[in-house]
Each structure stands twice: as C-alpha cells, then as structure tokens.
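Asker: What follows is a single structure, and I will ask about it in a moment.
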Amino acid sequence: MTPFGLRNKLKSILGRSGQTERVDERVPLTFTTPDGTVTEVQSELRYTLVMASQTLEKPIATGCPDGHCGHCIVDVLDATGLGEPSPAEAKLLAEKTEKSIRLACHARVVGPGAKIKVREVWSMDSVRGE
C-alpha cells in the first residue's frame, strides 16, 4: 500500500471507462533505484509509475498527486510500454530541457517492457522536510 493510502484512491479514479484491455492484467517493467539496484516488478495496466513502484522496498518519491511539484521526475531508459504524455504532463515537461524524462505520477503503464531510472525514493525524511 502506498504512503497515505493513495493507492486505493488512485485505483478508484482509473475506472474502466471504455478500456478494451483488462485493467487487472499485469505486465513487467524494470526500475533502477538511485543506489543502482535493478528490480523488475509486475504492474497492472493503466497504473502510473508511482503506483507501480509501490512494490519496491523504497518507492518513487512524490510531493503532490498531480505533477505540479515535479518531485517525481524519472529518467526513461526504455519507453516501451509507457503511454504518451497527457496534455498536462506535456505542458509541465515542456519547461525542461531533458528529453528522456517523465513525471511518474502521470506516466501510465500500457504494456510490458518499460525501463525506468528513479531519481529519488520515498522516505520519512522527505515527508518531514529534512
């Protein structure tokens, strides 16, 4: 379960509105954490990268639920299996000069194969502001 119980809230937002694939189907994606640990996880389709990272020992750090803070930026090593950026994410990323980055709170898993390098992991200290 995610910090602050966000997982259930985010799952309820996703719904099944017109989707043709099974929402509960799981696909593999790979996370590399800042310490160099490489972990393959099984993610449900339509999960965001933040949601998919909840199975990691230390999930992706995020400061807000909608991408305005930019705290959850990740480096995309292989975009296979990631959906296109939403208009809101594209607008937020347009200010950045790096091309292979995504906001983990917006980027959605649509198939297998994505490889993600996490810049910052969640910790109690990040919540306390230390």
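Derivation of every value follows stated rules applied to the coordinates shown; laboratory data play no part. Being a predicted model, the structure only gives us computed values, none of them experimental. No Cβ is skipped: glycine too gets one built from the backbone with ideal geometry, and neighbour counts run over all protein chains shown.
Asker: Please order GLU40, GLU25 by the number of other Cβ within 10 Å, starting at the fewest.
Answerer: Neighbour counts put them in this order, fewest first: GLU40, GLU25.
Asker: Here's a follow-up. Taking loop as defined by DSSP and a crowding limit of 14 other beta carbons within 10 Å, which trypsin sites (Lys or Arg not before Pro) in segment 22-80 fit?
Answerer: Counting only loop positions with at most 14 other Cβ atoms within 10 Å, the trypsin sites (Lys or Arg not before Pro) in segment 22-80 are ARG22.
Asker: Another question about this same structure. Using the number of other C-beta atoms within 10 angstrom as an exposure proxy, rank THR97, THR33, THR39 with the fewest first. Can you show the working numbers first?
Answerer: On the way: THR97 5, THR33 20, THR39 14.
Fewest to most other Cβ atoms nearby, the residues stand as THR97, THR39, THR33.
Asker: Counting other beta carbons within 10 Å of each Cβ, put ILE101, ILE73, ILE116 in order, fewest first.
Answerer: Final ranking by Cβ density, sparse to dense: ILE101, ILE73, ILE116.
Asker: Determine the alpha carbon to alpha carbon distance for each of LYS58/LYS117; LYS96/LYS117; LYS91/LYS115 and list only those over 21 Å.
Answerer: Details: LYS58/LYS117 13 Å; LYS96/LYS117 17 Å; LYS91/LYS115 23 Å.
Those over the limit are LYS91/LYS115.
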